[in-house]
Each structure stands twice: as C-alpha cells, then as structure tokens.
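The values are calculated or read from the model by the stated rules, or taken from the named source; none is laboratory data. Keep in mind that this is a model prediction, so the values were computed, not measured. All Cβ positions, even for glycine, are placed from backbone atoms using ideal geometry, and neighbour counts span all protein chains on display.
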Amino acid sequence: MSAAAHFFLLSLPLFSLVLAGYLLACTPFWRARWTELAAKFIFSVALPVMLFQLISRRQSMSDVDARLLVAFFGGCLIVFFLGRIVAARSFKLDGVSQSIFAMGGVFSNNVMLGVPLASLTLGPASLPPVALVLVFNAFTLWTLASISVEWARHGSVSLAGLGKTALGVLRNPIVVSIMLGAAAGALDLRVAGSVGSMLDWIARMAGPGALFALGLGLAAYPLKQQWRQSAAISAIKLFVQPLVVWGLGVALGLPTLELKSVVLLASLAVGANVYLMALQFERLAGTVATSLVLSTMLASITTPLWLAVVSHFVDG
C-alpha cells in the first residue's frame, strides 16, 4: 500500500465524522443551540481533558525541539505577507480586508481537526509538539491580525488591544490544560482511581466528538459568497503554507516527528477563528465562511497527501 493510501485510509474515518456532523446539522429538526452546546463541551471539557491526560503521562514539552515554533510561525509570517500581496493585486482589497484574507491562509483548525488527526496518523507521541504550537498559536496569530488591521486603519498599534488578546489566550481552556498537563508530567503527578478513569473516558471521546462537532459547526456557514476569493484562500492555506513550513523545517534540521507535526498543522483547513476575525473587523465574513467549508472538504484529500509526501522524504 502506498503512503498516500495509508494516510488517506487513516484519515477517512475522521473526515467521515466531520461529514456526518455536517449532514445532521443540515436536517430540518436540528437546532443551532445544540451545535453551540456540543462545541462548548468539546472545547471547554473534552479536548482539555484529553490534552491534559496525554501531556501529563508522556514526555514533557521541554523535550520537544522548540525550533518547530520558528518553522511553523515563521512560515505563518511569510505566507501572511504573500496572502496580503495576492489580496491586493489580484482582488484589489483594502488593507483591513487584505489582513483577513491573509489570515485565512495561515490560521489552521489546529484544535478540533489537528489534535485528532495528529493523534491517529502520527501517534500519541506527536501530541507534545502539537501542544507546543497550540500554546502560542492563538496569541501569535490574533496579535498578527490585530497589528495588521490597526496599522491599516490608523497607522499605529494599540497596546491595550494586544493586552486584551494575551489575557484571552491565558483564559483559553486548551492552553490552560496543556500547561497543567506539562506541570503534572514534570512533577510526575497522576490522577488515579475513579476520577482518573472518568478522565480517561472523557479523553477517549474527545477526538471523535471534536470532529463531529466541527461538522455540526460548518453547517452554519453558507456556501455562496465570493468563490474566487474563497478558492484563493483555500489554495494558499492547503498548498502554500505547508510547503513553506516544510521548507523552513528542513532548513532548521527539525527531527522527523516535529517536522511531520508542523507540516500536518500547516496543511489543515482554515480555522473558525478567522471567521471571528472577519466579524470583529467587519470584512469578508461571507468569503471566510465559504473558505472554512471548502478548505475542510479539500483537506480530507490534501492533508493525507502532505503526510505521505513528507514521510516519503524524511523516512526514506
């Protein structure tokens, strides 16, 4: 069996869960409130528990090659500026819209899609590298978007706005669970007994639940606006970003696991945070919504291909 077929077959059940959630949410009897409740449970309880359990029981994040942050976020910065150029020259967008367009090309769905995919396709050992990216992801990319938008609007940057972003990240359940898990692992602390068993049960349902909830959420985004722009965002996100991150990772000499992990994260579909940015800054909401659904559909094919290609070169 080829590497591409191997990763595709591994990923197929996961993306099938996304499709199942999407189809269910499109039925007449489904209520948007149910989607909100499912997403809140997954994001605030199930995924944090899974990450805490995995990180606390495995290698400390200090054992991960931190250069992966340079590869991943350096790639984000390069592709962000490439995206702004495309937005300006190909679509004649203003500065604020350029920022949102470019952010669509770099902000991955790392939590609800990346964590389950990494765990299944690369194994649980990939969770510490993925977790290290997650710790910095929201703060770094929200800060980049805020600076870009504020500069486009006012020619200056508000420190108060950056502080608000940092505070929001520190309150993020995903970030908190990763930090607590790393601390517990470093201190060799374990949750045992019935409480530990309950946490294990919640952790096991987190991955499938996250993918199903992702599908439910995607149904809220209409596929009808600015197809050319949405296709361009999806192409940048699914092809340009993983290529740039891979190149930086190779140049930095990243170990195999870290390299595969950052390329996997870079190859994922556009994250819902970009839609929140579009709403907050009042630009391209319809375009971004379409790109969320379109890129998720395409990622079911392109992400396994990226994993296969990278594995071919790094595993020999």
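Candidates in segment 88-101 are the residues that are touching a Gly at 6+ places or on another chain (Cβ under 9 Å) and without any contact (Cβ under 8 Å) to a residue 60 or more places away in the chain; of these, the one that is nearest to residue 134 (Cα to Cα) is 98. Output yes when any residue across segment 186-195 is of a type in the set (D, E, K, R) and at positive phi, and no when none is. Looking for residues that are of a type in the set (D, E, K, R) and at positive phi, one finds at least one in segment 186-195, hence yes. I'd like to know if segment 284-294 contains one or more residues that are at positive phi and either modelled with pLDDT of 90 or more or surrounded by fewer than 17 Cβ atoms within 10 Å (Cβ to Cβ) (or both). Within segment 284-294, none of the residues are at positive phi and either modelled with pLDDT of 90 or more or surrounded by fewer than 17 Cβ atoms within 10 Å (Cβ to Cβ) (or both). Look at segment 273-286: where a residue is more than 14 Å from residue 96 (Cβ to Cβ) and assigned to a helix (DSSP H, G or I) and a partner is modelled with pLDDT under 85 and of a type in the set (A, V, I, L, M), sitting 6+ places away or on another chain with Cβ atoms under 8 Å, you get 273/138; 273/141; 275/285; 275/289.
Of all residues assigned to segment 298-311, at least one qualifies as being out of contact with any strand residue (DSSP E or B) (no Cβ under 8 Å at 6 or more places or on another chain), closer than 22 Å to residue 228 by Cβ and surrounded by 22 or more Cβ atoms within 10 Å (Cβ to Cβ). Of all positions in segment 89-102, at least one carries a residue that is of a type in the set (Ser, Thr, Tyr) and surrounded by fewer than 24 Cβ atoms within 10 Å (Cβ to Cβ). When each of 73, 101, 80 is tested for being touching a Ser or Thr at 6+ places or on another chain (Cβ under 7 Å) and closer than 18 Å to residue 277 by Cβ, the lone residue that passes is 73.
Touching a helix residue (DSSP H, G or I) at 6+ places or on another chain (Cβ under 8 Å) and either within 21 Å of residue 144 (Cα to Cα) or surrounded by fewer than 19 Cβ atoms within 10 Å (Cβ to Cβ) (or both): does that describe residue 47? No; evaluated as a whole, the condition is false for this residue.
Of the residues that make up segment 257-267, is at least one in a helix (DSSP H, G or I), modelled with pLDDT of 90 or more and of a type in the set (Ser, Thr, Tyr)? The answer is yes; a qualifying residue exists. When segment 115-144 is filtered for residues that are in a helix (DSSP H, G or I) and under 16 Å from residue 13 (Cβ atoms), the ones remaining, listed by number, are 115, 116, 117, 118, 119, 120, 121.
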